[in-house]
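Enquirer: My questions will all concern the structure given below.
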Amino acid sequence: MSVLSIADARIRFGSYDALKGISVAVEQGQLVTLLGPSGCGKTTLLRAIAGFISLDGGAISIDGADMRGVPPERRNTAMCFQSYALFPHLTVYENIAFGLRQKGTAKEELEQRVQSSAAQVSLQAQLQKLPTQLSGGQQQRVALARALAVRPGVILFDEPLSNLDARLRDQVRFEIRQLQKNHGFTAVYVTHDQAEALAMSDLVVVMNAGQIEQAGTPHDVYYRPINRFVADFVGTANIMPVQVVGRDAFANTYRLKSPMGEVEVLSDEQPIADHVYAMWRPEDAIVQDGLDGQSNVFTLKVKAKSFLGNLTDVSVSAAGTDDLYRIQILGQTEIAEGEMRSFRIEPSKIRFLKERVQ
């Protein structure tokens, strides 16, 4: 049985449909990310799970119990807010203990749980400090320890790292993921950062305009996106309309007409029509000498390049078109803007999207 089950959840604010029938099942020990742009409904769904917003349709169950009419304090959940929501006048110890005191936990058990939760997030030495004496990363760990202390069935994270700088964000997301793996707690994590979602999740739920576009493992949503929205939102994608002009179903190979020229594709998934979209990732391009005579070799014009340290980001275009494609090359490169260069894409690196060209 799923720890958390969401079935056809619907929420309307006036004439605006914030959630349009969301269904998700979260298993014990999973970290599930709700990923999408601002306004897609991910935070609304999280607040509905917590009980802060009531559904207009559908159902939410936790541990097999219907949550209809159950207030937040009686749900087997704990929330880690974007703003941390720490009490500035209370010490770290008292902040962690707050939920336990609200539940009437016995003194001896309260002490044990506070110490255990503080140890889990390496805060033992900070217990007598006030939140203002801590760094942003330490404050986020206090919020996590407070949630862990009450031992909820599901911990809910509402963009908990958005207030941290880039380097600290990477460190804290690693810490949260390691804690989740080590202690096996179940979590639903809201973010608009696709790198965060890919790095942390067991299951990524990509949302858009109140609906789920795709739900799958990080590998699936990155390498097998279902449509242009998912392909472009999760990472960087080169998306092009193609026409299937030849196929060998036995060998899983297809010949396509594309804006770059004729393309060969090796795919175990058939295109849903003769006119569809196909995509490839910038890192899939091979730029080297000696490509003559191989399949999927294209000569394109270099329009711009950016040195990003560990890689060089290059924009190229096909002759006679304004379409730009992105290529990422590890390390330094001698590619110059304005020159024509050849590159190759392995046939297995081009994927069909399940979306027709209109």
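No lab work stands behind these numbers, since they all come straight from the coordinates. Fair warning: this is a prediction, and the values are worked out from it, not measured in the lab. Note that each Cβ is placed from the backbone with ideal geometry, even for glycine, and that neighbours are counted across all protein chains shown.
Enquirer: Out of all Cα-Cα pairs in the stretch 1-122, roughly what percent, to the nearest whole number, are more than 20 Å apart?
Expert: 54 percent
Enquirer: Mind giving me the nanometre distance, one decimal, between the label points for residue 163 and residue 301, set 7 Å out from Cα along Cα→Cβ?
Expert: Here the modelled spin labels are 5.0 nm apart.
Enquirer: In the stretch 82-176, which chymotrypsin sites (Phe, Trp or Tyr not before Pro) fall in coil by DSSP and have 11 or fewer other Cβ atoms within 10 Å? Please list the in-between numbers first.
Expert: On the way: sites: 84, 93, 98, 157, 174; in loops: 84.
Of the chymotrypsin sites (Phe, Trp or Tyr not before Pro), not one in the loops of the stretch 82-176 has a Cβ with at most 11 other Cβ atoms within 10 Å.
Enquirer: Past the 29 Å Cα-Cα mark, which pairs from 103/129; 42/349; 257/354; 181/305; 181/354; 303/349? Walk me through the numbers before you get to the answer.
Expert: Working: 103/129 24 Å; 42/349 31 Å; 257/354 17 Å; 181/305 39 Å; 181/354 33 Å; 303/349 23 Å.
The pairs that break the limit, which is 29 Å between Cα atoms, are 42/349; 181/305; 181/354.
Enquirer: If you place +1 on the Cβ of every Lys and Arg and -1 on the Cβ of every Asp and Glu, how big does the dipole about the Cα centre of the chain come out, in debye to the nearest 20?
Expert: Numbers: 37 positive and 40 negative charges, 205 e Å.
In debye, rounded to 20, the chain gives about 980.
Enquirer: Run through all the Cα pairs of the stretch 84-156 and give the fraction in each 5 Å bin from 0, expressed as whole percent.
Expert: Taking every Cα pair in the stretch 84-156, the percentages come to 3, 19, 32, 26, 15, 4, 0.
Enquirer: Quick one: check the C-alpha center-to-center distance for the stretch 308-343 versus the stretch 201-258, whole angstrom.
Expert: Between the Cα centres of the stretch 308-343 and the stretch 201-258 lies a distance of 23 Å.
Enquirer: Please state, rounded to one decimal and in Å, the Kirkwood hydrodynamic radius that the stretch 136-226 gives when every pair of distinct Cα atoms enters the mean of 1/r. It would help to have the intermediate numbers written out before the result.
Expert: On the way: mean 1/r = 0.0712 Å⁻¹.
Here the Kirkwood hydrodynamic radius works out to 14.0 Å.
Enquirer: Which net charge results when you count Lys and Arg as +1 and Asp and Glu as -1 among the other residues whose beta-carbon is under 12 Å from that of residue 175? Provide the component values of the computation, followed by the final result.
Expert: Details: positive: 141, 169, 173, 177, 181; negative: 170.
Net local charge, residue 175 excluded: +4.
Enquirer: Given only helices, namely DSSP H runs of n ≥ 4 each adding -39500 (n - 2.57), what is the per-residue ellipticity at 222 nm of the chain, to the nearest 500 deg cm²/dmol?
Expert: Working: 8 runs with 85 residues, N = 358.
Per the formula, -7000 deg cm²/dmol.
Enquirer: With Cβ to Cβ distances under 12 Å as the rule, what net charge do the other residues near residue 326 carry (K, R +1; D, E -1)?
Expert: Numbers: positive: 281, 303, 305; negative: 232, 283, 284, 313, 323.
Overall, the nearby charge balance is -2.
Enquirer: Match the structure shown to one of the listed values (i) 23.1, 93; (ii) 24.5, 76; (iii) 21.9, 72 of Rg and Dmax of the Cα atoms in Å, computed from it, and give that label.
Expert: (ii)
Enquirer: Which one, 145, 336, 273, projects farthest toward the positive side of the charge dipole computed for the chain from Cβ point charges (K/R +1, D/E -1)?
Expert: Most positive-ward Cα: 145.
Enquirer: If R₀ is 22 angstrom, what is the calculated FRET efficiency for the pair residue 335 and residue 236, using the beta carbon separation as r and rounding to 0.05? Spell out each step's value before the answer.
Expert: Working: r = 18 Å, r/R0 = 0.81.
Efficiency, rounded to the nearest 0.05: 0.75.
Enquirer: Give me P(r) over the stretch 223-358, computed from all C-alpha to C-alpha distances, binned every 5 Å, as integer percentages.
Expert: All Cα pairs, binned at 5 Å, distribute as 2, 10, 20, 23, 21, 14, 7, 3, 0 percent.
Enquirer: What is the packing order of peptides 39-45, 26-32, taking the mean over residues of other C-beta atoms within 10 Å and listing the highest first?
Expert: Numbers: 39-45: 22.4, 26-32: 18.3.
Packing proxy ranking, top to bottom: 39-45, 26-32.
Enquirer: Let me ask something else about it. Give me the percent of Cα-Cα pairs in the stretch 215-275 that sit more than 14 Å apart, rounded to a whole number. Can you show the working numbers first?
Expert: Details: 1117 of 1830 pairs.
Percent of Cα pairs beyond 14 Å in the stretch 215-275: 61.
Enquirer: With only alpha-carbon atoms counted, please give the Rg and Dmax of the stretch 2-42, in Å.
Expert: Looking at the stretch 2-42, its Cα Rg and Dmax stand at 11.9, 37 Å.
Enquirer: Name the residue farthest towards the positive end of the dipole of the chain from the options 33, 325, 87, assuming +1 on Cβ of Lys and Arg, -1 on Cβ of Asp and Glu, about the Cα centre.
Expert: Farthest towards the positive pole: 87.
Enquirer: Follow-up question, since we're still on this one. At R0 = 41 Å, how high is the FRET efficiency between residue 183 and residue 228 if r is their beta carbon distance? Nearest 0.05 is fine. List each step's numbers first, then the result.
Expert: Numbers: r = 38 Å, r/R0 = 0.93.
E(calc), rounded to 0.05, equals 0.60.
Enquirer: Can you compute the FRET efficiency between residue 90 and residue 209 using 1/(1 + (r/R0)^6), with r the Cβ-Cβ distance and R0 = 35 Å? Round to the nearest 0.05. Walk me through the intermediate numbers first.
Expert: Details: r = 40 Å, r/R0 = 1.15.
So the FRET efficiency works out to roughly 0.30.
Enquirer: Using Cα-Cα distances under 8 Å and only pairs 6 or more residues apart, what relative contact order does the stretch 4-229 have, in percent? Write out the running numbers ahead of the final one.
Expert: Working: 419 pairs, mean separation 67.0, N = 226.
So the answer I get is 30 percent.
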